[in-house]
1. Six or more apart or on different chains, Cβ under 8 Å: which pairs go from a residue in region 1-20 that's touching a residue at least 60 places away in the same chain (Cβ under 8 Å) and more than 14 Å from GLY48 (Cα to Cα) to one that's charged (D, E, K, R) and in a loop (DSSP other than H, G, I, E, B)? Could you list them?
2. Output the number of residues of region 109-155 satisfying the condition of being at pLDDT 85 or above, surrounded by fewer than 10 Cβ atoms within 10 Å (Cβ to Cβ) and not in a helix (DSSP H, G or I).
3. Report the residue count in region 21-50 for those that are under 21 Å from the mean Cα position of the chain (by Cα) and touching a residue at least 12 places away in the same chain (Cβ under 8 Å).
4. For a quick check of your reading: which helices (runs of 4 or more DSSP H) sit entirely within region 1-84 and have at least 3 residues that are in contact with a helix residue (DSSP H, G or I) (Cβ under 8 Å, 6 or more places away or on another chain) and modelled with pLDDT of 75 or more?
5. Might you check whether a residue that is open to solvent by 70 Å² or more (accessible area, probe 1.4 Å), over 21 Å from the mean Cα position of the chain (by Cα) and in contact (Cβ under 8 Å) with a residue 12 or more places away in the chain occurs anywhere in region 56-65?
6. Mind listing whichever residues of region 23-42 are within 20 Å of ILE94 (Cα to Cα) and touching a Gly at 6+ places or on another chain (Cβ under 9 Å)?
Amino acid sequence: MRDLLLGLAFMLLGAVVLTVASQYPTMASLQYGPSLFPSLIGGGFLIGGLVLSATQLPTLKRQLSGTEAKVENIFDLRSVLVSLLPIALIIFYIFASEFLGAALCLAIIMFVLMLVRKTSLPLALLVSFVASLTIYFLFSRYLLIPLPEGLLNFWG
C-alpha cells in the first residue's frame, strides 16, 4: 500500500511540475527553453509514479479480497510518512533555502534522512555537514550555479 500511495504522490507532483513548466516563456530563436528540464523531470515523476502504482495493484487487490483484509495490514501510517518524507524535505528546501541558505538546508535534509534510516548521531552530523558543504561549493564555485546563501551571506 505504501508504494501505491507513493506512486500516486509522485504522479501528482509530476503533473504539478508539468503544469508549472508549461507556463514558462518560450524563446523564439531556440527549439527549447527554460521549461525543458522541469518538463523532463515532471514527466519522469509522472511515468515513474504510474509504473510504481500499477505494479502494486495486484497486491492491493489480493489484500482487499482476502479474509485478513484489515486496515492495519493494508495501511501502515509510519511507512507512508517515511515514504513521503523526501517530498516534504524538498518542499522544505524550496521555502527555507532563501532564508537559511542552500548549504544549511542540505545539511538539515541529509541529517533528517540519515536519522530516519537509524544512522548514529555523530556520523549523521559529520556526513551531513561535510557533504552539504562539498555539494554547495562544487555547485557555487566550480560549476558557477548561483545557490541561495541565506545565513552564510551574513558571515562573509
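1. These pairs meet every condition: MET1/ASP76; ARG2/ASP76.
2. Summing the residues that are at pLDDT 85 or above, surrounded by fewer than 10 Cβ atoms within 10 Å (Cβ to Cβ) and not in a helix (DSSP H, G or I) in region 109-155 gives 2.
3. Result for region 21-50: 15.
4. Filter on region 1-84 gives 2-21, 36-65.
5. Scanning region 56-65 turns up at least one residue that is open to solvent by 70 Å² or more (accessible area, probe 1.4 Å), over 21 Å from the mean Cα position of the chain (by Cα) and in contact (Cβ under 8 Å) with a residue 12 or more places away in the chain.
6. Across region 23-42, the qualifying residues are TYR24, ILE41, GLY42.
The values are calculated or read from the model by the stated rules, or taken from the named source; none is laboratory data. Since the model is a prediction, treat every value here as computed from it, not as a measurement. Positions of Cβ are backbone-derived with ideal geometry, glycine not excepted, and every protein chain shown enters the neighbour counts. For accessibility, only protein heavy atoms count, side chains too; no ligands or nucleic acids. Shrake-Rupley method; radii C 1.70, N 1.55, O 1.52, S 1.80 Å.
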